[in-house]
Structures are given as C-alpha cells and as structure tokens.
Amino acid sequence: MTTPRSEVKAALDRLNGFMSQADPAIIAQFDPDADVLLAGSEIGEVVRGHTDIGAFFRAIFALPLRIGWHWDTIDAAAEGDVIWFFAEGQAVVTRDGVADARPYRLSGVLVRRGVTVIWRQFHGSEPRP
C-alpha cells in the first residue's frame, strides 16, 4: 500500500541515486513550475526555479566529492496531491573514498504527478551538535 511516508522515501531514494551518479537528469525530480525552491544547508544555497536548480546541481556535481543521505526517521502527511514531510538522518559527504557523516534535517513539499512525486520545495539544514 502506498502511503505518504513510502512516497517520500521513494523520492529520497531517487534523489540519492541521482546524486551518487552525478546525473544532471536530477532536475526532472523537481517541479518545472517557476515557484519551485531549493534551500540547501550552506550559506547562499537558496535557488528558485527549474533553470537555477539545474545550475545548482551542475555546480555540486563538478566538485571533487559526492553527497548522499541516510535517513533515520521520516514523518509525512498528505492532502490531495500534496505531501509534506520532515526527515532526520545524516548527510554523507565522500571525498577521495573517505565518507564523513554529519547530522542533517530535511523538510520538503512534494506533489504527485501521475504515479510519482516530484519536489516542490526542498529545505535542508545541518543542526549543530
């Protein structure tokens, strides 16, 4: 049975897959609407619109590292075709074969488009220990 939590988990898994492969097709995971928003955990990582989000990921993929996530908890709810969620876990940054995990929180809004969900808002943060 599909639940909001299982849809969010699937979206997070897809995002990890694109990130691990540095695949620019990741942009298809984001709503093409001009109001789509990605707010990363670093200063300056606030981008709006499909075009700018694509440029953001191309810049990330050009770095000598890979970023992924491991989620410990995912809370999700839905109303109609809109799903909102909060997840806690770790961001895993791998550089030169060495992985460094750090606490990470992610909240977001996903929208159903056919049989899948795509990102409408991504908001990540790295809480201080």
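The values are calculated or read from the model by the stated rules, or taken from the named source; none is laboratory data. What you see is a predicted model, and the numbers here were worked out from it, not measured in a lab. All Cβ positions, even for glycine, are placed from backbone atoms using ideal geometry, and neighbour counts span all protein chains on display. Areas reflect the complete protein model, heavy atoms only, side chains present, ligands, DNA and RNA absent. Shrake-Rupley method; radii C 1.70, N 1.55, O 1.52, S 1.80 Å.
Here S6 and E42 are evaluated by their C-beta separation; at R0 = 25 Å the FRET efficiency comes out at 0.25. The residues of segment 3-129 expose on average 54 square angstrom of accessible surface per residue, using a 1.4 Å probe on protein heavy atoms.
FRET efficiency for the pair A55 and R105, taken as 1/(1 + (r/R0)^6) with r the Cβ-Cβ distance and R0 = 22 Å, rounds to 0.35.
Once the Cα atoms are used to define both axes, helix 50-61 deviates from the longest principal axis of the chain by about 30 degrees. Amide H to amide H distances under 5 Å link Y104 with G89, Q90, A91, where only residues 5 or more positions off or on other chains count and H is placed in the peptide plane. Please report, as a whole percent, how much of the solvent-accessible surface of the chain comes from carbon and sulfur atoms (probe radius 1.4 Å). Summing carbon and sulfur atoms, their accessible area is 55 percent of the total for the chain. Residues considered: A28, A87, A76. Largest GNM mean-square fluctuation over the chain, using C-alpha springs under 10 Å, is found at A28. Working from the pairwise distances between different alpha carbons, so that the mean of 1/r is found and then inverted, what is segment 1-52's Kirkwood radius in Å? It is 12.4 Å.
Using a 1.4 angstrom probe on the protein heavy atoms only, line up V8, V82 by accessible area, largest first. The partial results should precede the final answer.
Working: V8 0, V82 60 Å².
The most accessible residue leads, giving V82, V8.
Relative to the longest principal axis of the Cα atoms of the chain, helix 4-20 runs at roughly 30 degrees.
Structure remark: mean-square fluctuation, Gaussian network model of the chain, C-alpha springs under 10 Å; the largest value among L106, L63, L15 belongs to L63.
3J(HN,Hα) along segment 36-46: 4, 9, 10, 10, x, 8, 9, 4, x, 8, 10 Hz, from the Karplus curve 6.51 cos²θ - 1.76 cosθ + 1.60 with θ = phi - 60°, whole Hz, x for Gly and Pro. Which residues make up the longest stretch of the chain clear of GluC sites (Glu not before Pro) that lie in a DSSP loop with no more than 14 other Cβ atoms within 10 Å, not counting the sites? Longest stretch, sites excluded: 46-129. Whole-Hz Karplus values for segment 83-90 come out as 10, 10, 8, 9, 10, 10, x, 9 Hz, taken residue by residue from phi with 6.51 cos²θ - 1.76 cosθ + 1.60 and θ = phi - 60°; glycine and proline positions read x.
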